[in-house]
Structures are given as C-alpha cells and as structure tokens.
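Trainee: Pasting in a structure now, in structure tokens, and then I'll have a few things to ask.
The values are calculated or read from the model by the stated rules, or taken from the named source; none is laboratory data. Since the structure is predicted, the reported quantities are computational estimates derived from the model, not experimental observations. Cβ placement follows ideal geometry from the backbone for every residue including glycine, while neighbour counts extend to all protein chains displayed.
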Amino acid sequence: MIDIRDFHVRYGENHVVRGINLSVAKGACVGIVGESGCGKSTVLRCLVGLEQGWQGHISIDGKTVGQHRTHDELSRAQMVFQDPFGSLHPRHRIGRALAEPARCMGLPHGRDRVAAALEEVGLPAAFADRFPHELSGGQRQRVAIARALIVEPPVVLLDEPTSALDVSVQAEILNLLSDRRDERELTYVLVSHDLSVVAHMCDRILVMQDGQFVDELTPQDIGAGRATHPYARHLIAASFPDAA
Amino acid sequence: MILDIKNLSVAFGRGALRAVDSVDLQMQGGKIGIVGESGSGKSTLGRAIMRLLPPTARVTADRMAFEGRELLTLPEREMRAMRGNRMALIMQDPRYSLNPVLPIGRQVAETAILHKGLGKAEARDAAAAMLERVRIRDVARVMKAYPHQISGGMGQRVMIAAMLLARPKLVIADEPTSALDVSVRGEVLELLEDLVVADGASLLLISHDIRMVAAFCDRMVIMFKGRVVETLDRLEDAEHPYTRALIAAMPDARHPMHRLRVPDRSTFEEATR
Amino acid sequence: MTTIPMTPPARKGAFRRFLTDLAREPLGLAGAIVVAALVLIALFAPLLAPYPPAEQSLTDALLAPSAAHWLGTDEYGRDILSRLIWGARVTMRTVLSVTAIVGPIGLLIGVTAGFFGGRIDAVLMRATDVVLSFPSLVLALAFAAAMGAGLGTAIIAISLTAWPPIARLARAEALVVRNADYVSAARVYGASKWRLLFLYVTPMCLPSVVVRLTLNMAVITLTAASLGFLGLGAQPPLPEWGAMISAGRKFMLDQWWVALMPGVAILITSLAFNVLGDALRDILDPRHTRD
C-alpha cells in the first residue's frame, strides 16, 4: 500500500532523513518510534504531501507520487495531527470543519454526510453546530479523526494522535482508531514517542534515530524487552522504568 | 514534619468549583508523588503550597505548615525569602521557565545572590559549581549560553541547578520530565534522587505518569477532581475504582489486549463523593 | 460505544457575549457609548442642532456661553454648539471613509504578503516600507495642494498613508497562522491557496486589524482636524472642527470658547476611539486579556 525507497530529506546543511526504506502492506499498522529531532514527523509530512524538497521514491496504493500532489493523490492518504487544540480552525463550526474536506475533494458534503461522519466517531449530530472551543480535547480529536476519514482514504497517517490527551481519553481514542481500522480495512502509519501506545496499536514498530531506522520490533519484542540495536534497548528500558 | 497540610481547598474567581478540595497531606521526608489527570488539581496544589497562585485564587486550609511554620498567614516578604531558599519549585518546560534574554550563568547565579548574599563573582563560581553537580559537561560554554542554545534535557538540569543551589528542604517538581524525551527522563529523575534525597531534603513529584511515579517515589497520592482519592505505595495495592480504572486504561506492552478498558466515569465519580 | 456526556452548548450569541464582555470594562464601555453617541449625533444633526450651522447674526457675534447659546457664538454669530453637532457629521464621514478604504486594502496586502511569502512578500513589504516612510501630514498637504482642498481630497490624502501599519499587522498575524495545524490539515485535504487565504487565514487576522483600525480612528480624527486647521480639509461654510479652531485662534485670549469648544470635541472623540480600541483588544484577542 505504501512504498518508500531511498528517502532523503535535507534542510540546507541538515540531513534530517538519511536514506530510509519502508513498505507497508494493505491493512497493516506500522509504528515509527523515536525521540524529538529523529525525523519521524518529517517522514510523515512528506508522505502526506505537506512538505516538498525530499529525494527518493514514494508510492501510495500502487501509484508513484511526486512533491506536489493532485486532489486524487491527496485523497489516498490523510493525516490526524497531534494537537487537538490546533488542528481545528477556531472560527469554523464542527459541521463546516467536516464539510470542507469533502467540498475541496468534490465529494458530497451535506448535513447527512456530516452527521454520518460524527456518528462514526461516537459524537452526536448536534455537535455540528458547535465551535471547537466548546469541545473537550478528546472530542476534538474525534472530530479530527472524522475529518480524516470523510474523504475515505485507504491510508491514514497519525502524528502522535494521543500525546496531548489524558490516559483515560487516550484509551477511548486508541479504541476508536482500532475500530475504524478494522471496519474500513485502513492502513495506518503511527508516529509516536510513546512505546506503549505504539506496541498496542501496531503490528510492526520501526525505531528511528538521527534520520535512520535502526531497528525493527514486534509488540512481543517490546513486551519482552528484546531488541538488537543498543538505542532500541535503551529506549525500551527508559520507557518501562518499573520493569523488574 | 516537613509539610503538614490539613483540609486545603482552592477556588478561583467567583466560581464555587474547587480546583483543590479538602486535601490532607503530610510529608516526613523522602519522595511523594502526586498523580492525576488534567483538571485533577495536582499542579494547583503544588503552587498553593508555594503560594504562587494568582490573586483570583482563594486558598483556605485548617493548616498549611512547612517545617512547623504556618504558610497561609506568612507575610509575602517572608514567603519570598523562603521561595528558592527553603522550598523550591521545578517547572515543566525549560523553554518557558528560563528567561530567554539572560545567559544561563546569570540566571543560576541569581539564586546565590538573592538567598546566600554572595557577591557577583562568588555567585558565578557557585553557579558553575552547581552546574557541574547537575552533570553538565561543558560548564564554561553553558554559563555563557542562552536558553535557546541548549537542549531540553540540559535546560531542565539548569533549572534544577538554579532551584537547588540554596539547598532547599522541600522541592516541588511539577511534571519535570513531561517535556523531555523518553531517554532523558531517567537521567533527570536520577539527578533529583541524588541531589534532593541524598541531601536529606524532601521531594514532591507532580505527574500524570502513574507508572513513572510508582517506580520512582516512595508513596503516591492519587488526585481526581481536586480531591485525594487514594494513597498507596505500590500500583498493585490500588483499591479505589478510579486508580484501578486509570491503570487498566493504559496500554501495557507486557499484557497486550485488542481494546483498552475505557474508564467508566460514573462508577468512580460516585466513589469519590 | 462510550456514552458522551451532553454538555449544554454555549448558545449565547457571539454579539451578546461581546456586549457582556464590554460591560465588564467600564472604560471601554464609556468609549463605546461616546462613539455611539457621536454616530447618532452625526446622523440626527438636523434634528439636534438648535440653530442652522451657517446662520449668521453679526449682532450676536462672539457671545459667551449662555442659556440661548450653550457654547457661545463665533465671530459671525453662528451658534457653536450647532456647528459642533454638524461638524460631527464631517468628522464621522472622514473617519469612517478612511477606515473603509484603509481596512480592506491593508488587510488584503498584509495577508497576501504573509501567506505567500517569498518574492510576493518582498515586493509588497518594500512598497509598504516606502509608503510608511512618508510623513503623512506632509503628503496630505502635497496631495491637497495638487488636487485642490476639500473633504474628498482630505479623505484620500489621509488614506494614502494610513494603510501600511494595517498591512504590517495583518502580515504578522498571517505569518503565524499559516503554520497552524488547521492550515496544514486543509492543505492535506486539497484546499486551494485562495481558499486558504480568504477562508482560513484572513478571519484569524481580523481581530487585531479591527483593534488597530479603531485605535487609528483617533489618529485620523486628529489628522483630519490638522488638515482642517491648515485650511486643506472641508471648506467653509462646512463646520469642520479643525477649521473652527483655526478661525478661533484670533480670539483665544478674550473669547476662548470659540477655539476651545471644537478642541474639546476633538479631544473627546479621539479619546473615545482610543479607549474603545483598547477594550476591544482585551475582548477580541485572548492573549492580551488581563485577569
């Protein structure tokens, strides 16, 4: 479903992503875990078409995509952002926030469509008339997920989707993401610094350091504390301080 | 007793809603963690103890004593003499808690000048010594650098250096590792252990990360909606439905499940009453 | 599916909420009332003025304030209160016209420069810098001298140099907004650049611009009065406040009211705009609110 090869990103002198390769099968959930500055968010942003100036090869759903995307190419992959307070336009009502993607992509964007989108993420249709500041963080993130799904992309990219949320709200959102993935057979790429979240959600976890993938783990590896690369081992140890 | 708090409540403005509701807390030493989600009142509690809340806050308590001295009635001048000196507050994000327009050396030295009455040159030496104690390698460079020129982890060490220079007896750390990378968190906690506990001082660690607090602190106080819900030493001892729900809701790599157990608010809101 | 607690939505209209916010700022409320009063005075001048503004009565020249003439009369026996009331029309027209011209132009130039960046930003900002470096009064003088004095000329002359600060402000806001996640999200779902500019970025720049425009109204009042004082604004017999001060200069020592009354009118108007603008900033821009 996603194929990235010989991928490099340079900002002037800074070699932020150094030659990564990534293949994601349809319906899979791949996690990229790493610390700030490792380049994981950059990979996601280039993948979704937000950033240009990368080198290499990206193909989504069998078709190669370039630096600038057509509407058709954009509709193949959508993104859920980290900050629920920043990813919704403060002056647009929720109904408008959900109708906009459909409208821009030339899809039906009437009240019914919006209500269905809200229902899918467990929110009442009446929320369409509210403004983002009238919703809680968890509710906003649900809207962000609904917004990503409304154009029916086969691929959803998740940039730290629960980092800004409380533990109890995080559980709701992760369950919602799992349910949507099961029902729609979506392909996820999840970026996070939180190893527990990534181990819970993903089938494969790639550990990123200084712009490169240094190790690949399964959730079982993380649970058992098995890793080959020293940085991955260090990350696991630091993430589970109560491990005996 | 380092800290003796009885029936502390904090309300803001004209609202009846209490950010902190009838909290009792007693500290004899060691490390105590205050755990809660957003809105639990844990940060407000920390700042109430330091009397650092805005004027719109109404703080009431039967007793709020530090080293036997009642804090609520203390005049502001004496309170100021205590802050940074006998009691210190380490905040979450060094990007916002350090002054961006002053070099680091000057900021750390300020504590020495204010609370130890040292002259400028001696204060600078004291600052350099402190930066070494927090295991910063290139002390000379860091002394002259500005906050935006150093990493987050180093910034937090600088904050700790500035706050601990006067060897306070009580250190309140409000989410000291939340803004840092995972691999750096352990180092900061180790530093707090060495500098605070080894010195015989007490640490009040405020955090949303129950696992980290369980592994690091001697005792945990769980807060929900301003009230203390439970006090425990180990996660396994959790009895209150809220604490158990919180632990169950966290993804655990060692016990994977397909769907996480979402806390049902109605059950523990009853139990908290 | 987890049950979502139904919190009652805040259904107070945005305008009602704005009014209640304004009521909490006594100074701002006072400013708003004065501005509203001025607008009403300007609208209903024919009904409010006790005397026609141009009616001369040389026998009643230079009378001190009295029951018959609350603010006295000028050198031609014209009632000063009536002239001030009619003058409010002139002032309001000038202020509102200039704002209506300068606001949209400044906003458009600013958000375009801030949003697109690069060469467009460079070109627009250099143009802005050039106009900003002109002393406004001198340019207005030159313009009036070239085009002939009059109210219309004064409006255009003031507008010519009043837009750069608005453009600068709008650009600064746009620079911040264009990096927001909600703009990035819109890019990802295929919103065109123009859609982003007008429907996403510009609405976020409006509050600061509105505040600045309100504060500017104070300055426009003073500039218009200055032009009038120099004889380059509204021409007689139009009762322009600045021109009234100019005419009253000759009598300042003995018949002080001729020059002072229009001066006080200008002062109150300018102050009201300033105070209202200040309160608007606290209300509209959450970052500037005081506790």
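Trainee: Which one is nearest to A:Ile222 (Cα to Cα), of the residues in the range B:235-257 that are part of a helix (DSSP H, G or I) and among the charged types (D, E, K, R)?
Mentor: B:Glu236
Trainee: Right, another one. Sort out which residues of the range B:1-49 are among the basic types (Lys, Arg), crowded, with 18+ Cβ neighbours inside 10 Å and either modelled with pLDDT under 90 or under 19 Å from B:Leu72 (Cβ atoms) (or both), and write them in order of number.
Mentor: Correct list: B:Arg18, B:Arg47.
Trainee: Let me ask you something else. Determine which member of the set B:Ala19, B:Ala88, B:Ala48, B:Ala112 is out of contact with any Leu (no Cβ under 8 Å at 6 or more places or on another chain), touching a residue at least 12 places away in the same chain (Cβ under 8 Å) and among the aliphatic types (A, V, I, L, M).
Mentor: Answer to the selection: B:Ala19.
Trainee: Is at least one residue of the range C:215-228 in contact with a Pro (Cβ under 7 Å, 6 or more places away or on another chain) and under 24 Å from C:Gly72 (Cα atoms)?
Mentor: Within the range C:215-228, not a single residue is in contact with a Pro (Cβ under 7 Å, 6 or more places away or on another chain) and under 24 Å from C:Gly72 (Cα atoms).
Trainee: While we're here: Considering the range B:196-234 alone, what residues qualify as being in a helix (DSSP H, G or I) and either in contact with a strand residue (DSSP E or B) (Cβ under 9 Å, 6 or more places away or on another chain) or acidic (Asp, Glu) (or both)?
Mentor: Residues satisfying the conditions are B:Val196, B:Val197, B:Ile210, B:Met212, B:Val213, B:Ala214, B:Phe216.
Trainee: Which residue pairs have Cβ atoms under 6 Å apart, sit 6 or more places apart or on different chains, and have a first residue in the range C:71-99 that is on the phi > 0 side of the Ramachandran plot and surrounded by fewer than 23 Cβ atoms within 10 Å (Cβ to Cβ) and a second that is at pLDDT below 90 and acidic (Asp, Glu)?
Mentor: From the range C:71-99, the pairs are C:Gly77/C:Asp60.
Trainee: Sticking with this one: Can you work out which of the residues in the range A:123-159 that are surrounded by fewer than 20 Cβ atoms within 10 Å (Cβ to Cβ) and within 14 Å of chain B (Cβ to nearest Cβ) is farthest from the chain's Cα centre (by Cα)?
Mentor: A:Ser136
Trainee: Another question, if that's okay. In the list A:Ile4, A:Ile20, which residue meets the criterion of being touching a Ser or Thr at 6+ places or on another chain (Cβ under 9 Å) and either of a type in the set (Val, Ile, Thr) or within 14 Å of chain B (Cβ to nearest Cβ) (or both)?
Mentor: Numbers: A:Ile20 fails: touching a Ser or Thr at 6+ places or on another chain (Cβ under 9 Å).
One residue alone meets the criteria, A:Ile4.
Trainee: Among the candidates C:Thr59, C:Thr99, C:Thr91, which residue alone is β-branched (Val, Ile, Thr) and at pLDDT below 90?
Mentor: C:Thr59
Trainee: If you scan the range A:168-180, which residues turn out to be within 11 Å of chain B (Cβ to nearest Cβ), surrounded by fewer than 23 Cβ atoms within 10 Å (Cβ to Cβ) and either touching an Asp or Glu at 6+ places or on another chain (Cβ under 8 Å) or charged (D, E, K, R) (or both)?
Mentor: Listed by number, the residues that qualify are A:Ser168, A:Asp179.
Trainee: Turning to a different aspect of this structure: Out of the range B:145-183, which residues are within 20 Å of B:Leu102 (Cα to Cα), free of Cβ contacts under 8 Å to residues at least 40 places away in the same chain and more than 14 Å from every other protein chain (Cβ to nearest Cβ)?
Mentor: Scanning the range B:145-183 gives B:Gln149, B:Arg157.
Trainee: Scan the helices (runs of 4 or more DSSP H) fully inside the range A:160-244 and keep the ones with 3 or more residues being within 16 Å of the chain's Cα centre (by Cα) and within 23 Å of A:Val43 (Cα to Cα).
Mentor: Passing ranges, in order: A:167-184, A:195-201.
Residue-wise test of (1) under 18 Å from the mean Cα position of the chain (by Cα); (2) β-branched (Val, Ile, Thr).
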site	(1), (2)
B:Gly29	yes, no
B:Thr73	no, yes
B:Arg77	no, no
B:Met82	yes, no
B:Ile90	yes, yes
B:Leu102	no, no
B:Glu110	no, no
B:His115	no, no
B:Ala126	no, no
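Here is a yes/no grid of residues against (1) of a type in the set (S, T, N, Q); (2) within 14 Å of chain A (Cβ to nearest Cβ):
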position: C:Pro135; (1), (2): no, no
position: C:Ala146; (1), (2): no, no
position: C:Ala149; (1), (2): no, no
position: C:Gly152; (1), (2): no, no
position: C:Ala162; (1), (2): no, no
position: C:Arg168; (1), (2): no, no
position: C:Ser192; (1), (2): yes, yes
position: C:Val201; (1), (2): no, yes
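Trainee: On the basis of being surrounded by 15 or more Cβ atoms within 10 Å (Cβ to Cβ) and either of a type in the set (A, V, I, L, M) or more than 9 Å from every other protein chain (Cβ to nearest Cβ) (or both), does A:Gly66 make the cut?
Mentor: no
Trainee: In the range A:33-61, what residues are in a strand (DSSP E or B) and more than 14 Å from chain B (Cβ to nearest Cβ)?
Mentor: A:Trp54, A:Gln55, A:Gly56, A:His57, A:Ile58, A:Ser59, A:Ile60
Trainee: Determine which single condition C:Gly118 fails, assuming it passes every other condition in (1) buried (at least 21 other Cβ atoms within 10 Å of the Cβ); (2) under 23 Å from C:Pro203 (Cα atoms).
Mentor: The single condition C:Gly118 does not satisfy is (1).
Trainee: Okay, moving on. If you go through the range A:197-225, how many residues are within 9 Å of chain B (Cβ to nearest Cβ), of a type outside the set (Val, Ile, Thr) and under 15 Å from A:Gly34 (Cα atoms)?
Mentor: 1
Trainee: Here's another thing I want to ask about it. Which one is nearest to the other protein chains (Cβ to nearest Cβ) among residues in the range B:239-273 that are over 27 Å from A:Leu177 (Cβ atoms) and at pLDDT 85 or above?
Mentor: B:His240
Trainee: Next question, about the same structure. Report, by residue number, each residue of the range A:1-32 that is under 19 Å from the mean Cα position of the chain (by Cα), part of a strand (DSSP E or B) and not hydrophobic (A, V, I, L, M, F, W, C).
Mentor: Hits for the range A:1-32 are A:Asp3, A:Asn21, A:Ser23, A:Gly31.
Trainee: Could you say whether any residue in the range A:34-44 is touching a residue at least 60 places away in the same chain (Cβ under 8 Å), of a type in the set (Lys, Arg) and under 28 Å from B:Val182 (Cα atoms)?
Mentor: Yes.
Trainee: To continue, here is another question. State all residues of the range A:72-105 that are within 9 Å of chain C (Cβ to nearest Cβ), over 17 Å from the mean Cα position of the chain (by Cα) and assigned to a loop (DSSP other than H, G, I, E, B); if no residue qualifies, say none.
Mentor: Result: A:His89, A:Pro90, A:Arg91, A:His92, A:Met105.
Trainee: Further question: Out of the range B:251-269, which residues are surrounded by 18 or more Cβ atoms within 10 Å (Cβ to Cβ) and touching a His at 6+ places or on another chain (Cβ under 9 Å)?
Mentor: B:Pro251, B:Ala253, B:Leu260, B:Phe268
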